[in-house]
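The values are calculated or read from the model by the stated rules, or taken from the named source; none is laboratory data. Computed from a predicted model, the values in this text were never measured in an experiment. Heads up, the Cβs are rebuilt from the backbone with ideal geometry, glycines too, and the neighbour counts pull from every protein chain shown. To get the accessible areas, we keep the full protein, side chains included, count just its heavy atoms, and leave off ligands, DNA and RNA. Shrake-Rupley method; radii C 1.70, N 1.55, O 1.52, S 1.80 Å.
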Amino acid sequence: MDIKAPVQGTIIKVMADEGEAVSAGQVLLVIEAMKMQHQITAPVAATVRSLRALPGHMVDQGVHLLTLERGSTAESRSEMEPGRRAPDGPRADLAEVMTRKAAGLDAARSAAVARRHARGRRTARENIAELCDPGSFIEFGALTLAAQRSRRTVQNLMADTPADGLVCGTAAINGAHFQEAATRCAVLAYDYTVLAGTQGFQNHRKTDRMLQLAAAENLPVLFFTEGGGGRPGDTDLDQVIVSGLECTSFAALAALSGQVPLVGINTGRCFAGNAAFLGCCDVIIATRGSNLGMGGPAMVEAGGLGAFAPEDIGPIEVQSANGVVDIKVEDEAEAVRVARQYLSFFQGALSDWDCPDQRVLRTLIPEDRLQAYEVRGVLAGLVDCDSLLELRAEFAPGMITALARIEGRPLGIIANNPLHLAGAIDSAGADKAARFMQLCDAFGLPVLSLCDTPGIMVGPQAERSGTVRHASRLFVIGASLSVPIYCVVLRKAYGLGAQAMAGGHLKASRFTVACPTGEFGPMGLEGAVRLGFRRELAAIQDPLARQRQFAQMVELLYQRGKALNVATHFEIDDVIDPVETRTWIVAAMAGRKPRVGNRPCIDPW
C-alpha cells in the first residue's frame, strides 16, 4: 500500500523506520504546510517499506512517501483519529472555557445570590429560566467582563462583573402552544447583583447585538430592566470616549417599536438609562416593589432638586395611576407569567379554548337605562375563559383596554366604563384607547369596541386637560388603522364619542351592531331636550308640569333613537341577542391574515 503526500509542504517529523511494524492509526510522519501540521497515519497494521521521507524535505502533493506491507503482527491502536481524545476525556482548553462560564453562574456566586434572595427577589438567570422554554436559552456574551481592566485585575472582574451585568440571548417562549418559528425571542436581563444592574460599555454592546438580531429576524424582545442607569466606573476607554452620547442602544430599541413586540419587565429600582429602555417598550409589567424614574436619587440631588430615598422616586402606586405601568403584578413570578401571556397574543391562535355560558350576557346590562353597571363583567362573559388581560387598569378608568381571545383567536378590546363619568371619553381615556389601537394595529390584532358613552367629556375642567387635541387622537388613529374595528353598542352611543368608538362613524367599522338596550343620538337625550326645547320648557310655569313635559320629550327621543328604530333606517347593521355577539365577531375574523409591522412606531404614551 503506497502512502502519498496529501498536501504540498515540508516534512518536519519522521516517526517510523524502515522495516518497523506499525499499528493502525499510528503516526508515521508529519508534514507542515502554511503553518499547519498534517499527521500521516497508518490506515492498517503493516510493516514500513521503501521509506523515502526525510525531515526537512519539501514534497509536492501526491509524492510517494513510503510503502506499507500488510501482515504486521503489531497490535492495533485506538480507532480514534490521531490527536483526538475520548468525547469525555480531559482537555485543558475546554476546561478553561467551562470554568470561566461557570464562574458567572448563580451556583458560583452564592453570596450575591443569597443577598438577592434575602430581599425577596430572584436573580436575572432565575427569571430567564422561568420565562423561557426549558433548555431553549442560548446565551450571548457570557464571558464578557466590565471595561475596567485598567483599574482591576481580570480575576477580580471575573468574580465581580460576570457578563458585564447583562444576561442576554435567544430562546423559545410558549413553544408548547405555537409553532417554534413563532416563539423565538430575544431576552435581555440586567443583573442587579453585578454593579447594581448598571449600564456599562460592554453590556451596551451586548444590547446592540441582541437588538440587531431582533431586527434582522423579527424577534420579540423581552427586557428585564432593573438597574441604576449609566455606570461611571468603566475607565478603559477614557482616552477615546468623553460624553458617551454616541451610544446607539436606545435608538436601536426605539427603532423596533411597531416592528416586533417589546415587553419591559421590572422589579425594584429602575432609573435613568434603564428606565429609558423600559419606557420604549410596548408594555411595562412591574411588581409592587418597583420604583421607576428618569433619574435616581443622586441625579435628582445633583440637579438641586432635593434629597430623596430611592423609594420616593416613581413608586408603583404613582406609575400605575399615571399610565406609565401597564400591568401591576405582585412579584417576579407573576411578572414572568403575565409576560408569557401577553406575548402569546402576538404569536397566533390557540386550538383549545372554552367560553362562559353566553346566555349570561343577557343579564349584565340593566333594563333601567339609567342604572350603572360593571362593564368588565361583560368583557369577562364574552371572551374565552382565562384569556382576558387588561392594560393600564388604574389609569383613565373611564376607558378599558384589554387583550383577549375569542374561539382561540387574539384581539384587542376597548370599552367605555359607565361607572366613571357615565362612560364619557375624557382626555386620558382618549389617549389610552388611541395608543392601544396603535398597538393592535402594529401586530395585526382586530379591535373590538364595546360602546356605551354619552359622548366626549365637556366643560371648563375637561378643556383644561386639552380635550380638543386628546379626543381627536381617536379619530386620527382610528382613520389610520389597517386592522378592522368591530363595534358592539351595549347601551349609549351618543355624539362624537360614539363615532370615535366606532373608528370615525358607524360604518367605519367592519360591523356595528347593538344590544336591545342600545340607544343612539347626536347627543345625550336629556341634554338634547334641554338644549333644543329650552324656551318651550321655560314657558311652562308649573314645575311638575314642566318635568312631565321634559320626561315625555326624552321618551320621544328615546323611542326615535332606540336601537330597533335606528336599525330600521340601516344606520347600524343589526340589533342582536347578546348571545350572538361572539358569532358576529368570529364570522368577521374568519379567514383574516393579519399583517405585522403596519406602523412606523407605537406611541410610548
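Kindly indicate whether any position in the stretch 29-51 is surrounded by fewer than 19 Cβ atoms within 10 Å (Cβ to Cβ), of a type in the set (K, R), touching a strand residue (DSSP E or B) at 6+ places or on another chain (Cβ under 8 Å) and in a loop (DSSP other than H, G, I, E, B).
no
Do the conditions hold for S472, that is, is it at pLDDT 95 or above, open to solvent by 10 Å² or more (accessible area, probe 1.4 Å) and of a type outside the set (V, I, T)? Break it down into steps so the answer makes sense when it comes.
Details: at pLDDT 95 or above: yes; open to solvent by 10 Å² or more (accessible area, probe 1.4 Å): yes; of a type outside the set (V, I, T): yes.
Yes, satisfied.
Of all residues in the stretch 253-270, which are open to solvent by 10 Å² or more (accessible area, probe 1.4 Å) and in a strand (DSSP E or B)?
R269
Can you pull out the residues in the stretch 87-100 that are open to solvent by 100 Å² or more (accessible area, probe 1.4 Å) and charged (D, E, K, R)?
Within the stretch 87-100, D88, R91, E96 qualify.
Restricting to the stretch 202-220, name every residue that is crowded, with 19+ Cβ neighbours inside 10 Å and either hydrophobic (A, V, I, L, M, F, W, C) or on the phi > 0 side of the Ramachandran plot (or both).
M210, L211, A214, L219
Taking A567, is it closer than 21 Å to L450 by Cβ and outside any helix (DSSP H, G or I)? Lay out the reasoning, then the answer.
Values: closer than 21 Å to L450 by Cβ: yes; outside any helix (DSSP H, G or I): no.
Criteria not met by A567.
Can you pull out the residues in the stretch 320-367 that are more than 23 Å from the chain's Cα centre (by Cα), crowded, with 21+ Cβ neighbours inside 10 Å and not in a helix (DSSP H, G or I)?
I365
State yes or no: is G381 out of contact with any His (no Cβ under 8 Å at 6 or more places or on another chain) and not basic (K, R)?
yes
For residues that are within 15 Å of E226 (Cβ to Cβ) and not in a helix (DSSP H, G or I), scanning just the stretch 104-155, find the one that is least open to solvent (accessible area, probe 1.4 Å).
Looking at residues that are within 15 Å of E226 (Cβ to Cβ) and not in a helix (DSSP H, G or I), I get T123.
Being on the phi > 0 side of the Ramachandran plot, within 27 Å of the chain's Cα centre (by Cα) and of a type in the set (G, A, S), is that true of even one residue in the stretch 379-389?
First pass over the stretch 379-389, keeping only residues on the phi > 0 side of the Ramachandran plot: 386.
Filter again for within 27 Å of the chain's Cα centre (by Cα), leaving 386.
Next, only the ones that are of a type in the set (G, A, S) stay: none.
No - not one qualifying residue is present in the stretch 379-389.
Just a yes or no: is a residue in the stretch 435-453 basic (K, R) and either part of a loop (DSSP other than H, G, I, E, B) or in contact with a helix residue (DSSP H, G or I) (Cβ under 7 Å, 6 or more places away or on another chain) (or both)?
Looking through the stretch 435-453, none of the residues is basic (K, R) and either part of a loop (DSSP other than H, G, I, E, B) or in contact with a helix residue (DSSP H, G or I) (Cβ under 7 Å, 6 or more places away or on another chain) (or both).
Restricting to the stretch 156-166, count the residues that are polar (S, T, N, Q) and part of a helix (DSSP H, G or I).
Residues meeting the conditions: 1.
What is the residue count in the stretch 52-64 for residues that are surrounded by 12 or more Cβ atoms within 10 Å (Cβ to Cβ) and outside any loop (DSSP other than H, G, I, E, B)?
Count: 2.
Only one of F223, F277, F250 is outside any loop (DSSP other than H, G, I, E, B), of a type in the set (F, W, Y) and free of Cβ contacts under 8 Å to residues at least 40 places away in the same chain; which?
Criteria check complete, one pass: F250.
Residues of the stretch 514-537 being in contact with a strand residue (DSSP E or B) (Cβ under 6 Å, 6 or more places away or on another chain) and hydrophobic (A, V, I, L, M, F, W, C), which ones?
Residues satisfying the conditions are A514, C515, F520, M523.
Hey, can you tell me all the residues within the stretch 221-250 that are more than 27 Å from P310 (Cα to Cα) and surrounded by fewer than 23 Cβ atoms within 10 Å (Cβ to Cβ)?
Correct list: D236, L237, D238, Q239, V240, I241, V242, E246, T248.
List every residue pair whose Cβ atoms sit under 8 Å apart, with the two residues 6 or more apart in sequence or on different chains, where the first one lies in the stretch 295-315 and is in contact (Cβ under 8 Å) with a residue 60 or more places away in the chain and the second, anywhere, is assigned to a helix (DSSP H, G or I) and surrounded by 11 or more Cβ atoms within 10 Å (Cβ to Cβ).
Listed pairs, sorted by first residue: G296/P310.
On the basis of being over 20 Å from the mean Cα position of the chain (by Cα) and over 25 Å from G408 (Cα atoms), does L256 make the cut?
When the stated conditions are applied, L256 does not pass them.
Please identify the pairs in which a residue from the stretch 556-572 that is among the hydroxyl-bearing types (S, T, Y) has its Cβ atom under 8 Å from the Cβ atom of a residue that is surrounded by 17 or more Cβ atoms within 10 Å (Cβ to Cβ), counting only partners at least 6 apart or on another chain.
Partner pairs satisfying both residue conditions: Y558/E519; Y558/L525.
Mind checking which residues of the stretch 368-402 are touching a Gly at 6+ places or on another chain (Cβ under 8 Å), over 16 Å from T581 (Cβ atoms), of a type in the set (A, V, I, L, M, F, W, C) and part of a strand (DSSP E or B)?
M399
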